[in-house]
1. For GLU18, which sequence-distant residues (separation of 5 or more, or a different chain) have an amide H within less than 5 Å of its own amide H, given hydrogens modelled in the peptide plane?
2. Check ASP104: other-chain or 5+ apart residues with amide H under 5 Å from its amide H, H built from backbone geometry?
3. So if each residue of separation counts as 0.36 nm, and I subtract the Cα-Cα distance between LYS311 and ASP329, what length gain in nm does that give?
4. On a full-extension model of 0.36 nm per residue, what is the gain between GLN22 and ASP169, subtracting their alpha-carbon distance, rounded to one decimal in nm?
5. Mean separation of Cα pairs under 8 Å and 6+ residues apart, divided by the residue count of the chain: what relative contact order is that in percent?
6. Determine ³J(HN,Hα), in whole Hz, for all residues of segment 28-41 in sequence, where each value follows from phi through the Karplus function 6.51 cos²θ - 1.76 cosθ + 1.60 and θ = phi - 60°; x replaces Gly and Pro.
7. Please turn the phi angles of segment 376-385 into ³J(HN,Hα) values with the Karplus equation 6.51 cos²θ - 1.76 cosθ + 1.60 (θ = phi - 60°), one per residue in order, whole Hz, x for glycine and proline.
8. Please rank HIS340, HIS5, fewest neighbouring Cβ atoms within 10 Å first, as an exposure proxy.
Amino acid sequence: MRIKHINLAVTINPNDSELACQGSIQMSNPEEKPFIHLNKLLELEELYLKEKNSRIDLAFSPSEIDPEFFIKASKKWSIELPANYQEKEELELFFKYRGKIQRDEPYKTNYLTSEAIELAIYVAWYPIVELDDNPTFQVKLKRIDNWLWTMNAPRKSESENTIVWERKDPATDLTLLGRPKTTAITKEMSAIFWGDKSFLENFSSLEQDILGFKQKLEDWLGKPKNDAFQIAISSRESGGTYVRQGLISTQGNLPEEYFTTKKKRFLLGWMHEIAHLWFAASEKSTYHNWLDEAIADYSALLLSELFYGKKFFEEILEKHRKMIEKEKDLPAIKEITRSHEKSYIVFYKWGSLILHEIRRKIGLDLFLEVLRDFADKSKKQTVVNTDDFIESLNRLTSDDWSGFINKHLSIKPKVQ
Ligand SMILES: [Zn+2]
């Protein structure tokens with residue numbers, strides 16, 4: 001069971017930190033008792049099916065989320081579905097809900113205030129079944145006077161009162177950002193940056209570097225899936241950076257040294273995020289997510305080798321090894337998912353070292369061909385997994401890598 005499409009009409013009242021939504025979701029293979037997740041502070045007011053011209057109201061009740069569920073700021077709404085609808089392959093559910101948004105702890109990535117709005121998967125501001133729903137969507141937002149908005153989707157139309165975005169290919173989530181024009185970066189100020197203008201000067205000093213990384217990755221991997229490319233600088237003070245179909249949201253409030261003495265290390269993080277424009281289709285709720293993170297990490301290493309030299313590259317690799325050595329009892333990649341506390345070291349750093357080993361064995365040119373082939377799959381398929389990567393590797397090297405990959409994914413990370 002997952003949500004395939006979302007149709008959402010959104011009204012936001014920033015002064016009261018309130019949100020009101022109505023619309024519908026298309027669910028595939030509903031279960032006997034289907035459910036959706038919504039933010040804890042949102043109240044589901046109506047839920048119904050439409051049958052010809054009549055409306056069939058459904059009973060629903062809130063409960064706690066499953067302990068492993070990633071979105072802790074959400075609650076689960078269980079739905080009573082009439083028996084004759086339980087067997088359907090597809091179901092359209094209509095809904096209405098409203099309320100405030102409980103922020104995601106501890107990162108506080110998403111918020112809804114009179115100063116700015118950042119809503120994404122972390123606070124379940126729209127109905128979610130699983131992290132891997134990957135819905136297509138249409139969002140119609142009621143405009144607020146003198147506010148600017150962006151989403152991880154093309155703008156389909158706009159009028160005096162509304163803006164409509166439409167995403168026809170499956171997306172990780174629905175990311176909606178808005179802020180008053182008085183504090184915003186406008187189109188006239190920058191072609192790639194959006195968001196809080198008080199941080200524009202610092203970030204503008206990175207523009208040429210970031211565009212250079214993107215161009216090099218395009219040379220290696222071909223065009224990314226989404227032509228749109230925008231970096232939204234958020235006023236938040238934590239939560240780092242995330243990438244959604246060409247829209248990158250990043251925290252603006254950073255130490256000055258990131259833009260001066262620590263610039264290279266900071267840009268290494270940007271190389272990683274830019275690489276996600278190509279690599280973001282792995283299953284988020286399973287260990288297969290190691291692929292996106294390891295490949296983004298290693299792509300950043302490859303860019304750093306090119307832009308900052310072999311010595312810098314080797315130093316970073318050495319840091320990876322040290323991080324792993326310092327840990328006593330790391331789990332194998334196959335044993336964990338993204339929400340595990342050690343996933344950063346295991347997926348990103350250990351994963352990156354596995355890729356480095358492959359590159360050492362087959363050489364850089366062939367390795368880049370493998371990455372390009374896998375990037376193509378990530379572009380065309382709704383989800384990719386480790387077998388897709390092994391297939392690319394096997395075909396392009398005319399060798400069988402399944403033993404090598406499976407061994408490295410099954411053992412506890414360790415440095416030789
Ligand atoms: Zn990443």
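No value in this document is a laboratory result; all are computed from the given coordinates. Please read all numbers here as calculations on a predicted model, not as lab measurements. Note that we place each Cβ from the backbone using ideal geometry, even for glycine, and neighbour counts take in every protein chain shown.
1. Amide H neighbours of GLU18, under 5 Å, 5+ apart: ASN13.
2. It is THR109, ASN110, by chain and number.
3. Values: separation 18, 0.36 × 18 = 6.48 nm, distance 2.98 nm.
So the extension gain works out to 3.5 nm.
4. Numbers: separation 147, 0.36 × 147 = 52.92 nm, distance 2.18 nm.
Residue separation times 0.36 nm, minus the Cα-Cα distance, leaves 50.7 nm.
5. Details: 798 pairs, mean separation 49.3, N = 416.
Once divided by the residue count of the chain, the mean separation gives 12 percent.
6. Result, rounded to whole Hz: 9, 6, x, 8, 4, 10, x, 8, 9, 9, 9, 3, 3, 8.
7. In residue order, the calculated couplings are 4, 5, 5, 7, 8, 8, 5, 9, 10, 9 Hz.
8. Details: HIS340 14, HIS5 19.
The fewest-first ordering by Cβ neighbours comes to HIS340, HIS5.
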